[in-house]
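The values are calculated or read from the model by the stated rules, or taken from the named source; none is laboratory data. Computed from a predicted structure; not experimentally measured. All Cβ positions, glycine included, derive from the backbone under ideal geometry; neighbour counts span all protein chains shown. To get the accessible areas, we keep the full protein, side chains included, count just its heavy atoms, and leave off ligands, DNA and RNA. Shrake-Rupley method; radii C 1.70, N 1.55, O 1.52, S 1.80 Å.
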Amino acid sequence: MTDDNPKTFSSRISAQADPAASAHSQAEAEAAGRLLDAIADIVAARDGEGRIVYVNAAFRRAFGGHAEYWRGRRLNFAPRRTIAGGQGRRRVDIEVETVAGWACFEWEETPLPGGGSIGVGRDVSARRANEAALRHAREAAEISARTRETLFATITHELRTPAIGVLGMADLLRGTELSPEQNAYVTAISDSGRHLLTLVDDVLDAAKLEAGAFTLEPVDADLADLLRSVVELVSPRARSKGLETVVYLDPRAPKTIRADAARLRQILLNLAGNAVKFTTQGAVAVIVDCLEQNGEEAELVMRVRDTGPGVPEAERQRIFEAFAQTDGARASGVEGTGLGLAIVKRLVAAMGGEVGLTAPAAGGSEFWVRLNMPVVEPAPMDETKRLDGARVLVVANQPLSAEMTARQLSAFGAHAEMCAGWAEMESALAKDADRVALIDASIAHSEAPHARAALVLAAPDQRSDLQTFLSAGYAGWIIKPFRPDALVAHTLRAWRGECLADAQREDETPDQAAATQAVTAGVRVLLVEDNPVNRVLAQSVLKRAQADVLTAETGPGAVEVAASARRLDLILMDMRLPGFDGLEATRRIRELRGAAGQTPILALTANCSEEDRRACLEAGMNDFLSKPLDADALSSALARWTRPAKPGHAPGV
């Protein structure tokens, strides 16, 4: 540029915006100059050789000097980073010293027709400072969250470990010869230990929720498996009180949903556990209905109904508050923190759902949870027609259990009716004997009724009577609490007149324990556990299964034994170990050559969150066992993950 007059430059700016501007008057050019002076952004124009020919008022305020001072000088902005570019334009971040101090500008340089360029800079110092502050705050929050998670995990481990040891040793003691008085003492120890464990879990869960130290971790979850796990966990406690547990699963519900399975399980366990706690006779039902689904999302209502005393209407609103207990609960002497339902409410809200309480007409309570869940795999086609044409009588003296069983069969297409006793069943069969009768073992007679087929609904402790029922003409049995798919499958086979023996092996026949022991006898197991009480407990259970047990108490020790042992069939790995933890020990074992690196590894953990499960799987573990260690669960895991020892195998490393 040879003409350094700012007015002439303003004319050129106007010309760039509109080619017809070259004919504008000098007054219009001066107006353009005043416009550039009025804007808050700094503006600088340079000629083809990079010398300044014009700066606006904002530029002069930022860097000082007058227009003549800057004319002919060069800009020495060193960009911090390039933001964008293309078609001759260049947009960069620059950090320069102004009259007021260092500042950050977004600087955009645009070529002008005929040579030279115009640069416009916007002061983004405050925005960049806010962004940096937000970034630092986010990083600090993440560090704080990780610290809280570590703290809660440590507290959970330290509080649960002694309680788990008490429970485990009480279970071992119960397996010895005890007098009735001693057995009563052991039962009191076990009950108190479980109550303590529940209190610890409730308090820690409430603290995590209050501190925001939890996040939802959605995974693909099989709905039927989730329900089964809930019922299996509450059934032993229910049976000890003489209660039945029953499941209803709407066949229209999706097979697999996307949800935080651990939290959803916790919600149902809290509700079902409460129902068992406050119900003295009758049954507890876990019910899942699918109200609506569109292929991508399903609206599910999960209910837990009981035959307990119910909750007075005046107390239903506050029952979900922390530490709230009903007058009936206090009067009955049932112990608890009053945190379980408050935790349920917080978890359901985090999932975007609703929770509430109703009073069924037949009495008791019904807690419900309504959730919209993403569908991963819908229910199989025509699932509601599997039992089309089948006619069934459900014979049971527990109304809620009979109702849910009949409803489950009807949902799959059967024509199901309920009978309250043997006489009522005989009367119904006299009118139509071409029906399958499902008869509760407590009602079943020593001779099967004259029906198309008769199945016995038996509790686990009635397995010893099953062969007697078969000899009496019954076609088979279904072990309670039964899975919906097992109920439907056995009923369908009975209706078709098919053999039930093979199918019922999955229900654990009376000699299953002996069969399991035959499979696990002689297997070599490495037990990695630093807590002496837990180690004694696990060793006792393993020796009962006739396993050959090796032990290690540290992470490095586990790797050393795994590398040097002639053969290992299974490794039980505690998560918290001296030296390095179970995850690192697993990773190092997986790096070993040969069979040692392929040995199945099961985590022993008091924390079975989805995050823990994911970390275990990523480290190379195969499965999980929760503490307190359950003898049946450990025996099942041994049978599932090990192979029989070779004949002539001698113990030893």
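At full extension, Val219 and Val376 could sit 55.5 nm farther apart than now, given 0.36 nm per residue minus the alpha carbon distance.
What is the sum of charges around Gln539, taking Lys and Arg as +1, Asp and Glu as -1, for the other residues whose C-beta is under 14 Å from the C-beta of Gln539? With Lys, Arg at +1 and Asp, Glu at -1, the net is -2. Could you list, in their original order, any pairs among Lys385/Lys480; Lys345/Lys385; Lys277/Lys543; Lys480/Lys627 whose Cα atoms are separated by more than 32 Å? Going by Cα-Cα distance, Lys345/Lys385; Lys277/Lys543 fall outside the 32 Å limit.
Please list, by residue number, every one of the GluC sites (Glu not before Pro) in the stretch 221-320 that is coil in DSSP and has at most 12 other beta-carbon atoms within 10 Å. Listed in order of number, the matching sites are Glu296. For the pair Ala361 and Ser427, the difference between a 0.36 nm per residue extended length and the Cα-Cα distance amounts to 21.0 nm. On the stretch 198-308, 48 percent of the accessible area sits on carbon and sulfur atoms, based on a 1.4 Å probe. The simple Förster model, with R0 at 22 Å and r as the Cβ-Cβ distance, assigns Glu313 and Ser626 a FRET efficiency of 0.05. Extending 7 Å from the Cα toward the beta-carbon at both Lys255 and Val124 defines two label points whose distance is 5.1 nm.
Of the whole protein surface, Asp581 contributes about 60 Å² of accessible area at a 1.4 Å probe radius.
Taking every protein chain into account, the accessible area of the stretch 96-189 amounts to 59 square angstrom per residue (probe 1.4 Å).
Between Glu139 and His195, the simple spin-label model (points 7 angstrom out along Cα→Cβ) gives 5.0 nm. When nucleic acids and ligands are ignored and a 1.4 Å probe is applied, Met351 ends up with an accessible area of around 40 Å². Shape analysis of the stretch 335-437 places it in the oblate category; the axes a ≥ b ≥ c from the Cα gyration tensor give an a/c of at least 1.5, with a/b not above b/c. Relative to the current alpha-carbon distance between Leu151 and Trp102, full extension at 0.36 nm per residue lengthens the span by 13.5 nm.
If one computes the Cα centroid of the stretch 405-445 and of the stretch 27-57, what distance in Å separates the two points? Centre-to-centre (Cα) distance: 94 Å.
For the stretch 569-590 versus the stretch 113-130, the inter-centroid distance based on Cα atoms is 57 Å.
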